[in-house]
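*Asks:* Next up is a structure, given as C-alpha cells.
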Amino acid sequence: MFMTREQVIELTGYRMKSMQIRWLRDNGVRFFVARDGHPRVLPESLTEEKARARTRPDFEALRRLV
C-alpha cells in the first residue's frame, strides 16, 4: 500500500526521516507522517503530481496576449 522505507530512501536520497520529509515537501509529493515519525508515501501520489503538473494552466500565455 505505501512505499517501503527503502523506496522512500531511493526516492529522496536521504536516510534521515527529517531530511526525507523536507525533500518530499520541497518537491510537492503528498505524504503524511506516521506515529513513528517516518513519512508515508502512497505510490499514486507520485503519478498524481505528474498529472497535475501537465494540467496546470500556462499563465504566461495569457500575459503574452495582453
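*Asks:* Give the residues of the stretch 23-41 that are of a type in the set (D, E, K, R), modelled with pLDDT of 95 or more and part of a loop (DSSP other than H, G, I, E, B), sorted by residue number.
*Replies:* Listed by number, the residues that qualify are R35, D36.
*Asks:* For the stretch 8-22, give me each residue that is among the hydrophobic types (A, V, I, L, M, F, W, C) and not in a helix (DSSP H, G or I).
*Replies:* M16
*Asks:* Of the residues that make up the stretch 44-51, is at least one surrounded by 13 or more Cβ atoms within 10 Å (Cβ to Cβ), touching a Leu at 6+ places or on another chain (Cβ under 9 Å) and modelled with pLDDT of 95 or more?
*Replies:* no
*Asks:* If you don't mind, another one. Is there any pair with a first residue in the stretch 13-42 that is on the phi > 0 side of the Ramachandran plot and a second that is surrounded by 11 or more Cβ atoms within 10 Å (Cβ to Cβ) and not in a loop (DSSP other than H, G, I, E, B) whose Cβ atoms are under 8 Å apart and which are 6 or more apart or on different chains, and what are they?
*Replies:* Once the first residue is on the phi > 0 side of the Ramachandran plot and sits in the stretch 13-42, its partners that are surrounded by 11 or more Cβ atoms within 10 Å (Cβ to Cβ) and not in a loop (DSSP other than H, G, I, E, B) give G13/W23; G28/E49; G37/K17.
The values are calculated or read from the model by the stated rules, or taken from the named source; none is laboratory data. What you are looking at is a predicted structure, and each value in this text was computed from that prediction instead of being measured. All Cβ positions, even for glycine, are placed from backbone atoms using ideal geometry, and neighbour counts span all protein chains on display.
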